[in-house]
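**Student:** Below are the structure tokens for one structure; questions will follow.
The values are calculated or read from the model by the stated rules, or taken from the named source; none is laboratory data. Owing to the predicted nature of the structure, the values given are computational and were not obtained by experimental measurement. Cβ: placed from backbone, ideal geometry, glycine included. Neighbour counts: every protein chain shown.
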Amino acid sequence: MATYRQVGKLLGISTRLARPVAGCGYQSTGLHWLSRNTKVSNIWPQNPQWTVPGRTMFVQTQDTPNPNSLKFLPGCTVLEAGTMNFAGPRDAYCSPLARQLFRIDGVKSVFLGNDFITITKADANMEWKVIKPDVFATIMDFFTSGLPVVNEDSKPNADTAPSDDDDEVVAMIKELLDTRIRPTVQEDGGDVLYKGFEDGIVKLKLQGSCTSCPSSIVTLKSGIQNMLQFYVPEVESVEQVKDEEEERDAQV
């Protein structure tokens, strides 16, 4: 989830801090080059100039506030719009990319965004250097294969999309989530989905790196809740919605 600095951004305390795009330097971003033949990862300088041959691909990694989640940027579009979350292999039936990533030992969940892929590992004690090479190779092989990221009949999440049935309060909540909150959270490899508004309580579902992030409560209460209350006085609080698997993980 968002760090304290990003909570400040949600509240409008500080100006929006620019994040890197592919090829730009970033302190916690590693640039990796993979050969389709060797599948060996090498660290390159932060600001290189490059071309992408047909059989090779540059993949960047970016840390998230969740130590068990890592953001991978393949340097190309992953989803044209929206996001998709796959909590386990059974959820990945509609995504050839997610199915291949779940074949990697240690991958717990896969989250797809516009230009990034967030991988969450199952074992907190497993070091990322064990999983990274397989993830790099899988991403490179997939995007050079020409396969679709998701099946044609599958649609990304659009829970914050306005509806004709929304009243004025709900429409304002959705607009704030879509324009101010979700973009910030997606920068950290996660997402926030609208799940309802009842008796002054906004129900949200966290996805990607946000699912098990230690700072998720801080972001919900000190960031998202405060922003919604500032613009929408009818909002009394924000609550997180969890599925059964997330509840079990929280109790472990």
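**Student:** Any idea how many residues of the range 71-99 are surrounded by fewer than 18 Cβ atoms within 10 Å (Cβ to Cβ) and either closer than 19 Å to Thr61 by Cα or basic (Lys, Arg) (or both)?
**Tutor:** Total satisfying the criteria: 5.
Yes/no matrix, rows are residues, columns are (1) farther than 16 Å from Val135 by Cβ; (2) small (Gly, Ala, Ser):
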position	(1), (2)
Thr83	yes, no
Phe86	no, no
Asp91	yes, no
Leu97	no, no
Gln100	no, no
Ile104	no, no
Val107	no, no
Gly113	no, yes
Ile117	no, no
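**Student:** Does Ile139 satisfy the condition of being surrounded by 13 or more Cβ atoms within 10 Å (Cβ to Cβ) and out of contact with any Phe, Trp or Tyr (no Cβ under 7 Å at 6 or more places or on another chain)?
**Tutor:** On the way: surrounded by 13 or more Cβ atoms within 10 Å (Cβ to Cβ): yes; out of contact with any Phe, Trp or Tyr (no Cβ under 7 Å at 6 or more places or on another chain): no.
For Ile139, the condition - surrounded by 13 or more Cβ atoms within 10 Å (Cβ to Cβ) and out of contact with any Phe, Trp or Tyr (no Cβ under 7 Å at 6 or more places or on another chain) - is not met.
**Student:** Just to be sure I understand, how many residues within the range 73-90 are part of a strand (DSSP E or B) and within 22 Å of Leu177 (Cα to Cα)?
**Tutor:** 3
**Student:** Mind checking which residues of the range 79-104 are out of contact with any Pro (no Cβ under 9 Å at 6 or more places or on another chain), modelled with pLDDT under 95 and over 20 Å from Lys242 (Cα atoms)?
**Tutor:** Tyr93, Cys94
**Student:** Exactly one condition in (1) of a type in the set (D, E, K, R); (2) part of a helix (DSSP H, G or I); (3) under 19 Å from the mean Cα position of the chain (by Cα) is not met by Lys195; state its number.
**Tutor:** With (1) of a type in the set (D, E, K, R); (2) part of a helix (DSSP H, G or I); (3) under 19 Å from the mean Cα position of the chain (by Cα) applied to Lys195, the lone miss is (2).
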